[in-house]
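Q: Dropping the structure in here first, questions after.
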Amino acid sequence: MKIKNYFFGLSFIFTLLLIGCGPKVDTDKKTSRDLSNYSSYSFLPNQDTIKNSDYDNAYVNEIVIDEINQNMKEENYRLERNQPDLLVYYHLMFDEEMAVNASPVYTNYSYYRPGYYVGPYYRNYAYNNYFTVPRVAGTGIEQIPYREGTIVIDLIDRRTNEIVWRGKANDVVDPANLDGELRSYIDAIFEQYPQ
């Protein structure tokens, strides 16, 4: 009987350790609207923000876009670059400690007119009129601190420029297992998406 209790105790501790592994995920539905009323999406490009030489900015963004695309399709959204219902705007805080966010949206573009440089990883996925989304829409800008390694995904109503859902995961991303960890963090965020 003592051996059985011993193994039960070990398995319980092991289970707790497994639950503690992985990123801390937090999501927030920012609207009373039913998210199932949206059917299409496109990406709102972000500037390259990764300055840490441990990460290849283009490679990281390719992984993130690919995994978000897969998750959006699993949620029954279709990619629509001309008039999408939702704009996907993600933030990668791999070497930042502070990000500026707001609802409506604050964007930190390094470009603001058509023809300005957009990373090649957005080529087939960016909203065609990304440059029409205002830099600042509203006055509610606030400083929000994030841990290094945070991935934030915002879904924005294209018509109102309001964030309707935000998901974030934070943990230190190991450059040696970049692909696997980024994909698992994004999947963990979308596991919390409202059904």
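Q: Any residue at all in the range 101-108 that's assigned to a loop (DSSP other than H, G, I, E, B) and at pLDDT 85 or above?
A: no
Q: Which of the residues belonging to the range 58-81 are out of contact with any Phe, Trp or Tyr (no Cβ under 8 Å at 6 or more places or on another chain), within 14 Å of Arg183 (Cβ to Cβ) and modelled with pLDDT of 95 or more?
A: Listed by number, the residues that qualify are Asp66, Glu67, Gln70.
Q: Is it true that Val118 is modelled with pLDDT of 60 or more, surrounded by 13 or more Cβ atoms within 10 Å (Cβ to Cβ), at negative phi and part of a loop (DSSP other than H, G, I, E, B)?
A: Yes; evaluated as a whole, the condition is true for this residue.
Q: Would you check if there is a residue in the range 178-192 being in contact with a helix residue (DSSP H, G or I) (Cβ under 7 Å, 6 or more places away or on another chain), of a type in the set (A, V, I, L, M) and at pLDDT 85 or above?
A: Yes.
Q: Confirm whether Arg33 is modelled with pLDDT under 90, surrounded by 14 or more Cβ atoms within 10 Å (Cβ to Cβ), over 14 Å from the mean Cα position of the chain (by Cα) and of a type outside the set (A, V, I, L, M).
A: yes
The values are calculated or read from the model by the stated rules, or taken from the named source; none is laboratory data. These figures come from a predicted structure and were not determined experimentally. Reconstructed Cβ throughout: ideal geometry from the backbone, glycine too, with neighbour counts over all protein chains shown.
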